[in-house]
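The values are calculated or read from the model by the stated rules, or taken from the named source; none is laboratory data. Please read these numbers as outputs of a predicted model, since none were measured by experiment. Neighbour counts are summed over all protein chains in view; Cβ atoms, including those assigned to glycine, are modelled from backbone coordinates with ideal geometry. For the accessible areas, the whole protein counts, side chains as well, though only heavy atoms, and no ligand, DNA or RNA atoms are used. Shrake-Rupley method; radii C 1.70, N 1.55, O 1.52, S 1.80 Å.
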Amino acid sequence: MRPAVVMLLLAGLALAACQREERDTRPQSALGSGEQPTPVTTLEPGGQRPSPSDNKAASFEANAFHLSEGKRLFGWFNCSGCHANGGGGMGPALMDEKWIYGSSMESIHATIRDGRPNGMPSFRDMIPDDQIWELAAFVRSLSGNAPSAAAPSRDDDMMAHPSENRMPNAATLGKSP
Amino acid sequence: MKRFASIAFGTATALFLQGCAGWQSALDPKGPAASELAWLIWFFAGLCAVVWVLVMIALAMPLMMRPREPAEPLVLDAGADNRKLRVVMTAVGLTAVILIGLTLLSFFANRTLAAIGSDAALTIRVTGHQWWWEVRYEDATPSRILTTANEIHIPAGEPVRLLLTSTDVIHSFWVPSLSGKLDLIPGHMNVLDIKADKPGVYRGQCAEFCGAQHANMGTFIIAEPRAKFDAWWNDQLQPAAAPMSGEAKAGEDLFLNRPCVMCHKIGGTPAGGTVAPDLTHVASRQTLAAGTLTMSRGNLAAWIADPQGVKPGSHMPVVDLSGDELNAIVAYLEGLK
Ligand SMILES: [Cu+2]
C-alpha cells in the first residue's frame with residue numbers, strides 16, 4: 001500500500017510541472033476598457049491623488065508571454081527609432097530610474113496611448129489596447145521592474161544591453177539599502 | 001470485430017497510399033531534383049528490403065534446423081570452421097560493397113541536385129517569418145524588384161535559384177514534389193535550386209518546428225509558362241488598385257488610420273509596414289495566412305475579424321472593428337487584385 005501512495009504523490013508532483021502559463025491572445029474586454037482617466041501628473045492640490053488602477057495592468061505586468069510580445073512590438077512599431085533600445089535618443093531613456101510621467105503600468109499605458117507633449121506621438125488608433133499594455137509591461141522590464149522569472153531572456157541577435165530578466169532595478173542600482 | 005478490423009486496415013492503407021500522390025509528395029516527383037530523390041528513395045528502400053529478407057532467412061535457417069551432433073565431439077573439424085569463416089567474411093565484404101555503393105549513389109545524386117540551378121536566370125529570396133513566407137524577386141533594375149508573400153510564381157521548365165533565410169527562428173523550406181528540404185536560418189543564407197518540369201501548383205510546408213503555428217505555415221509554388229509568368233510579374237509591380245466603390249474607399253481610409261498600417265504594406269499608399277505580408281495584390285493570391293484559408297470575401301472577413309481564432313498565437317493581433325468597418329476594409333482588400 002505505502003509504495004503506491006508514494007508513487008501517486010510523486011506522479012502528482014511531476015504533473016504539476018505541466019502547468020503552463022495561459023496565453024491570452026484575444027483582447028479581454030472583461031478585464032477593463034483601458035479607457036480610465038490617468039493622471040498626467042502626480043502633483044495634485046492637497047497631496048497625491050491615489051492612482052487609479054486597471055485590472056489589465058496586473059494581469060499583463062508579470063506575464064511572460066505578454067512581456068515577450070511587448071519586446072517584439074517595441075521593435076516592430078519602431079519605438080527604438082526614438083528611444084534606441086531603451087538607452088534613449090530623441091526620446092528619453094527608458095532603462096533608467098527617471099520617469100517624467102510615472103513608472104506605473106497605467107501611466108506608461110497612458111503615455112503610449114495618448115502621447116506626451118514634448119514629442120511622444122499618440123498611438124491611440126494605431127495599436128490595439130492589449131498590445132499597448134504589452135508594450136507598457138515590456139518598457140517596465142527595461143529598468144528592472146518586471147519579475148525576472150517572466151521578463152524576456154537572451155536575444156537571438158546582438159544584444160544592446162543585458163537581457164531584460166537580468167536587468168538590475170534602476171531605482172536601487174548603486175544605492176546602499 | 002474481424003470485419004471491422006479488416007475495414008479499418010483497408011481504409012488506413014488506402015489513406016496511406018493517398019499520401020503518395022498529389023501536389024505535395026516526394027513520391028510523385030514533378031521536377032528533376034525530386035525525380036532524382038524519388039529514384040534514390042526507391043532504390044535504397046528496395047535494396048535494403050532485399051538485404052533484410054536475406055538476413056531474416058539466414059537467421060531463420062539455423063533456428064529451424066536441428067543441430068547436428070558431431071560423431072566425435074572432441075575432434076576438431078577444420079573444414080567446417082573454414083566454411084563458417086568464409087560465409088562471415090563474404091557477408092562482411094558484401095555489406096561493405098553495398099554501403100560504399102549507396103554512399104557513391106547519394107554522392108552523385110547530390111552533385112546532380114547542385115548542378116540544377118547553376119545557370120538559373122531567376123533569383124528569389126525567401127525569408128521565413130513566424131508563420132508566413134516573405135518572397136522577394138531580385139532584379140538588376142531596382143524598380144523591378146518585387147515583394148510578395150506565401151506564393152512563389154516561377155516559370156515552368158526553367159531552373160530557379162532560391163536564397164533562403166529567416167528573421168526569427170529556424171524554418172525549413174520543403175516542396176516535396178520539386179525538391180528536398182533546406183533550412184532557413186537567421187543570419188545565414190542557404191541556396192536551393194528548383195525546377196518544375198510542367199506548369200502546375202505544388203504545395204510546400206515548413207518542415208522545421210518553429211512555434212505554435214508551424215503546422216499552418218504552408219507555401220505554394222505556381223509554375224507557369226514563361227509568358228504568363230512575365231505577365232504576372234508585371235502585374236504585381238503595379239501599385240495597388242484604387243478603390244472602386246464608396247465602401248472600398250472608406251475601407252482604404254480605415255486601413256490607413258488603424259493598426260493595419262503599422263505592419264502591412266500596400267504599394268501606392270502610405271502603408272509601408274514590412275513586418276507582415278505585403279497586401280498590395282493580396283486578392284490575387286489563392287490562399288490567406290500561409291495556406292490556412294482559401295481566398296474569398298468571407299475568409300478575408302473571418303481572418304481580419306479574428307486572426308487569433310483562425311491561427312491562435314499568430315503575430316497579427318485582433319483589431320477592434322465594428323461590423324461596418326470590417327465590411328469596408330474587406331471590400332477594399334478584395335479589390336486588390
Ligand atoms: Cu515551421
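Here are the numbers for this structure:
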item: Share of carbon and sulfur in the accessible heavy-atom surface of the protein assembly as shown [1.4 Å probe, %]; result: 63 percent
item: Folded to 0 to 90 degrees: helix B:323-334 orientation relative to chain B principal axis, Cα; result: 70 degrees
item: Principal-axis tilt of helix B:32-64 within chain B, Cα atoms, nearest 10 degrees; result: 30 degrees
item: Protein accessible surface hidden between A and B, which excludes ligands and nucleic acids, total in Å², probe 1.4 Å; result: 1400 Å²
item: For residue B:252, net neighbour charge (Lys/Arg +1, Asp/Glu -1) across residues whose Cβ lies under 13 Å away; result: -2
item: Coil-residue trypsin sites (Lys or Arg not before Pro) of the stretch B:216-302, DSSP, other Cβ within 10 Å capped at 10; result: none
item: Prolate/oblate/rounded call for the stretch A:56-170, Cα gyration tensor, a/c under 1.5 rounded; result: rounded
item: Cα-based shape type of chain B, given that a ≥ b ≥ c are square roots of the gyration tensor eigenvalues and the cut on a/c is 1.5; result: prolate
item: Restraint check, A:71/A:175; B:30/B:265; B:30/B:228, Cα-Cα greater than 31 Å; result: B:30/B:265
item: Nearest 10 degrees, 0 to 90: helix B:226-237 Cα axis against chain B principal axis; result: 40 degrees
item: Cβ-based charge dipole, the protein assembly as shown, positive-most Cα from B:107, A:112, B:272; result: B:107
item: Residue-normalised accessible area of the stretch B:40-197, expressed per residue, 1.4 Å probe, Å²; result: 61 Å²
item: Accessible area of residue B:136 in the full protein assembly, 1.4 Å probe (Å², nearest 10); result: 80 Å²
item: In the stretch A:91-169, GluC sites (Glu not before Pro) in a DSSP loop with at most 16 other beta-carbon atoms within 10 Å; result: A:97
item: Computed accessible area, residue B:332, all protein chains, 1.4 angstrom probe, square angstrom; result: 10 Å²
item: Candidates B:211, B:79, B:291: whichever shows maximal mean-square fluctuation once chain B is modelled as a Gaussian network with Cα springs under 10 Å; result: B:79
item: For A:152-161, mean number of other protein chain Cβ atoms within 10 Å; result: 1
item: Solvent-accessible surface (1.4 angstrom probe) belonging to residue B:37, in square angstrom, nearest 10; result: 50 Å²
item: By accessible area with a 1.4 Å probe, ligands and nucleic acids excluded, highest first: order of B:48, A:18, A:79; result: A:18, B:48, A:79
item: Total charge dipole magnitude, the stretch A:73-177, about the Cα centre, Cβ charges on Lys, Arg, Asp, Glu only, Debye to nearest 20; result: 360 debye
item: At least 40 Å² accessible surface lost relative to isolated chain, residues of the stretch B:252-275 (1.4 Å probe); result: B:259, B:262, B:275
item: The stretch A:73-177: relative contact order in percent, alpha carbon pairs under 8 Å with at least 6 residues between; result: 22 percent
item: The stretch A:64-70 - phi-based ³J(HN,Hα) in whole Hz, Karplus 6.51/-1.76/1.60, Gly and Pro as x; result: 4, 4, 5, 4, 6, 4, x
item: 222 nm mean residue ellipticity, helices alone, for chain B (DSSP H n ≥ 4; -39,500 (n - 2.57); rounded to 500); result: -14000 deg cm²/dmol
item: Chain B: antiparallel DSSP beta bridges as a percent of all, rounded to 5; result: 70 percent
